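Notes to accompany the following structure.
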């Protein structure tokens, strides 16, 4: 998959209040990596093997997954975390498939507006919602700066 870019200052808060201080110390990188791995596990995302490494605001993912969708969801789960700016997704996919495209949510976006833009049909918003579960729990709860998977129809 390669490199994915995110907005560093937005996203879920998995590092706690000390996130800026933790990011500044090399000794804390294993703690940040552990927090991101725990976040992936808490979402129940599928993988066969997963290693998470951090270096400042960059996260590297290595391991194996069954499907392309699994690799993309894991990358989005760790990328849409406050303090993460780049995800280097090196996950090996057992059953390769075409990659999804991505959309960074802008102010005023809704899943319906995004579906209208990418699919030409606002009623296709459930496709985007389903493609981003379990990170999205409600189709009305998206935020500017969040990166979403947009699967091909």
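The values are calculated or read from the model by the stated rules, or taken from the named source; none is laboratory data. Just so it is clear, the structure is predicted and the values come from calculations on it, not from any experiment. Note: ideal-geometry Cβ built from the backbone for every residue, glycine included; neighbour counts use all protein chains shown.
Would you point out which residue out of 63, 44, 120, 11 is in the same structural domain as residue 137 (by TED's automatic domain parsing) and at positive phi?
120
Whether any residue in the range 16-26 is without any contact (Cβ under 8 Å) to a residue 40 or more places away in the chain and within 18 Å of residue 147 (Cβ to Cβ) is what I want to check.
There is no residue in the range 16-26 that is without any contact (Cβ under 8 Å) to a residue 40 or more places away in the chain and within 18 Å of residue 147 (Cβ to Cβ).
Restricting the first residue to the range 43-72 and requiring it to be over 20 Å from residue 85 (Cα atoms), which pairs with a second residue that is at pLDDT below 95 and in a strand (DSSP E or B) meet a Cβ separation below 8 Å and a spacing of at least six or different chains?
Listed pairs, sorted by first residue: 66/95; 67/95; 68/95.
Would you point out which residue out of 53, 124, 73 is in a helix (DSSP H, G or I), closer than 17 Å to residue 4 by Cβ and at pLDDT 95 or above?
73
Per-residue answers, yes or no, for (1) in contact with a strand residue (DSSP E or B) (Cβ under 6 Å, 6 or more places away or on another chain); (2) more than 16 Å from residue 142 (Cα to Cα):
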residue: 82; (1), (2): no, no
residue: 85; (1), (2): no, yes
residue: 88; (1), (2): yes, yes
residue: 97; (1), (2): no, yes
residue: 100; (1), (2): yes, yes
residue: 108; (1), (2): no, no
residue: 113; (1), (2): no, no
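Only one residue in 28, 23, 35 is surrounded by 12 or more Cβ atoms within 10 Å (Cβ to Cβ), part of a helix (DSSP H, G or I) and at pLDDT 85 or above. Which one? Walk me through how you get there before you give the answer.
Working: 28 fails: at pLDDT 85 or above; 23 fails: at pLDDT 85 or above.
From the options 28, 23, 35, the qualifying one is 35.
Somewhere in the range 143-152, is a residue over 17 Å from residue 1 (Cα atoms), surrounded by fewer than 18 Cβ atoms within 10 Å (Cβ to Cβ), outside the structural domain of residue 13 (by TED's automatic domain parsing) and within 13 Å of the chain's Cα centre (by Cα)?
Yes, because at least one residue in the range 143-152 is over 17 Å from residue 1 (Cα atoms), surrounded by fewer than 18 Cβ atoms within 10 Å (Cβ to Cβ), outside the structural domain of residue 13 (by TED's automatic domain parsing) and within 13 Å of the chain's Cα centre (by Cα).
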